[in-house]
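K.L.:
Dropping a structure here in structure tokens format, bear with me for questions.
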Amino acid sequence: MAGPEPTPPSPYSTGLAGRCPRCGEGALFDGFLKLKPRCNACGLDYKFADSADGPAVFIMLIAGFVVLGAALYVEIAYEPPIWLHLMIWLPLAVIICLALLRPMKGLAVALQYANKAEEGRRDK
């Protein structure tokens, strides 16, 4: 008699940590953003994963909101020269985008696995 199936790990914790969405043990990435072909712990094939541009779009919206809001506040409160704005906000935008890109891509892949998302097909 087989026991109940183990509860799968949370897609949020595994995705944000860059771990396998099925077992939560194996690494999801091979490099900064390239997915591994399969999990080295449980063997899950990652061919199902296609995050496309979703994570990048969300990150641009988040970074744009944070950086633009902060830049507007600093401009209204202190009126610094434009070169100072460029020195502060351009690097900050790049740092925010790069810091969020990998966790958001991992989250997108983990949520695709958890929700059994597939490419749409037409019925004939």
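Every read-out reported here was derived from the displayed coordinates using simple, explicitly stated rules and does not represent laboratory data. All figures in this text were calculated on a predicted structure; none of them were measured in a lab. Cβ atoms come from the backbone with ideal geometry, glycine included; neighbour counts cover every protein chain shown.
K.L.:
What number do you get for the range 4-112 when its Cα radius of gyration is normalised by 2.2 N^0.38 Å, N = residues? List each step's numbers first, then the result.
P.N.:
Working: Rg = 18.2 Å, N = 109, 2.2 N^0.38 = 13.1 Å.
For the range 4-112, the normalised Cα radius of gyration is 1.39.
K.L.:
Can you give me the angle between helix 54-78 and the longest principal axis of the chain, using Cα atoms only, in degrees from 0 to 90, rounded to the nearest 10?
P.N.:
On a 0 to 90 degree scale, this one is about 20.
K.L.:
Can you pull out the cysteines in the chain that have no other Cys Cβ under 4.7 Å?
P.N.:
Cysteines lacking a close Cβ partner in the chain: Cys97.
K.L.:
At what distance in nm do the modelled label points of Leu61 and Ile95 sit from each other, each positioned 7 Å from its Cα along Cα→Cβ?
P.N.:
Between Leu61 and Ile95, the simple spin-label model gives 2.5 nm.
K.L.:
Residue by residue through the range 8-25, what is 3J(HN,Hα) from phi via Karplus (6.51 cos²θ - 1.76 cosθ + 1.60, θ = phi - 60°)? Round to whole Hz and write x for glycine and proline.
P.N.:
Calculated HN-Hα couplings, in order: x, x, 4, x, 6, 6, 6, x, 5, 8, x, 10, 4, x, 8, 9, x, 9 Hz.
K.L.:
Taking amide H positions as placed 1.01 Å from N in the peptide plane, with prolines and chain starts having none, which residues 5 or more places from Arg38, or on another chain, fall under 5 Å of its amide H?
P.N.:
Tyr46
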